[in-house]
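The next block holds one structure in the form of structure tokens; read it before the comments.
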Amino acid sequence: MKNIRIAIDGPSGAGKSTIARHIAGTLGILYLDTGAMYRAVALKVLRSGISLADAAAIARMMKDTRIDVEYRDDSQHILLDGEDVSGEIRSNEVSMGASAVSAHLAVRERLVSLQQDIARRSGVVMDGRDIGTKVLPNADVKIFLVASPEVRAQRRFLELQEKGLLDKTYEALLEEIRVRDRNDSSRTHSPLLQAEDAVLLDTTGFSLKEATDAVMALIEARKD
């Protein structure tokens, strides 16, 4: 199991990151939050004042951008040009920006290459939008997590509330999720799609533990 490669895809708020992190810890392998890498790019775009829709400017920016992933204190840290931005990339503004920049080919090609390089060196659990279709098409296990937009918005609302970062209503978060779903599913490059050989798991009525147990059961059933 130390060399297993697991791809967990699905829309925003389906529970991918939390579940993937737990699975990686249980199996003793790396966890890679690929969304954090896109958030780091979005943060740089926002800091630079570049339009999130300006593909040419973002492509030029990417030539001078360094994204590194470090593991310390039992957690993943994202370094943007040497700066640890792991906390700053969790804002709603950056989250929506990540959805926008992920549509640009220059961004996707650069980050997919980095992600594949990590997977070549170690067993890993990755979560994102195109892990099973693009990043790890030969993953040992592929799971596609979904949940209703209402449930995902509620989860996000409670998460932000718990962290003291809540600055929007539930209704506003629900609309953001719906917009992000449309953006992720309709983008030209690597849209959000379920891989043909991925197992679909709807977590709408699940607690976090139930969803995690269900994912682990799928891994145990398919690992051989």
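A few points about this structure:
- Complete set of residues in region 186-224 that are outside any loop (DSSP other than H, G, I, E, B), free of Cβ contacts under 8 Å to residues at least 60 places away in the same chain and surrounded by fewer than 15 Cβ atoms within 10 Å (Cβ to Cβ): Ser186, Leu200, Lys209, Glu210, Asp213, Ala217, Glu220, Ala221
- Of the residues making up region 168-182, none is buried (at least 20 other Cβ atoms within 10 Å of the Cβ), within 30 Å of Ala55 (Cα to Cα), touching a Leu at 6+ places or on another chain (Cβ under 7 Å) and in contact (Cβ under 8 Å) with a residue 40 or more places away in the chain.
- Search result, residues across region 152-190 that are in contact with an Asp or Glu (Cβ under 7 Å, 6 or more places away or on another chain) and at pLDDT 85 or above: Leu174
- For region 102-127, the set of residues classified as out of contact with any helix residue (DSSP H, G or I) (no Cβ under 9 Å at 6 or more places or on another chain), touching a residue at least 12 places away in the same chain (Cβ under 8 Å) and hydroxyl-bearing (Ser, Thr, Tyr) consists of Ser122 only.
- In region 179-199, of all residues being under 17 Å from the mean Cα position of the chain (by Cα) and of a type in the set (A, V, I, L, M), the one that is farthest from Arg129 (Cα to Cα) corresponds to Val179.
- Those residues of region 105-124 which are under 30 Å from Lys2 (Cα atoms), assigned to a helix (DSSP H, G or I) and aliphatic (A, V, I, L, M), in sequence order: Val107, Leu111, Val112, Leu114, Ile118, Ala119
- Residues (more than 10 Å from Gly13 (Cβ to Cβ) and of a type in the set (Gly, Ala, Ser)) located in region 149-188: Gly164, Ala172, Ser185, Ser186
- Test: residue in region 132-151 that is at pLDDT 90 or above, on the phi > 0 side of the Ramachandran plot and surrounded by fewer than 20 Cβ atoms within 10 Å (Cβ to Cβ): no
- Among the residues of this structure, Thr26 does not count as one that is in contact (Cβ under 8 Å) with a residue 40 or more places away in the chain, among the hydroxyl-bearing types (Ser, Thr, Tyr) and crowded, with 19+ Cβ neighbours inside 10 Å.
- Residue match in region 102-120 (condition: loosely packed, with under 15 Cβ neighbours inside 10 Å, more than 16 Å from the chain's Cα centre (by Cα) and closer than 23 Å to Ala55 by Cβ): yes
- Of residues in region 30-70 being in contact (Cβ under 8 Å) with a residue 60 or more places away in the chain and of a type in the set (A, V, I, L, M, F, W, C), the one surrounded by the fewest Cβ atoms within 10 Å (Cβ to Cβ): Leu30
The values are calculated or read from the model by the stated rules, or taken from the named source; none is laboratory data. In this text the structure is predicted, and so the values were computed from the model without any measurement. Heads up, the Cβs are rebuilt from the backbone with ideal geometry, glycines too, and the neighbour counts pull from every protein chain shown.
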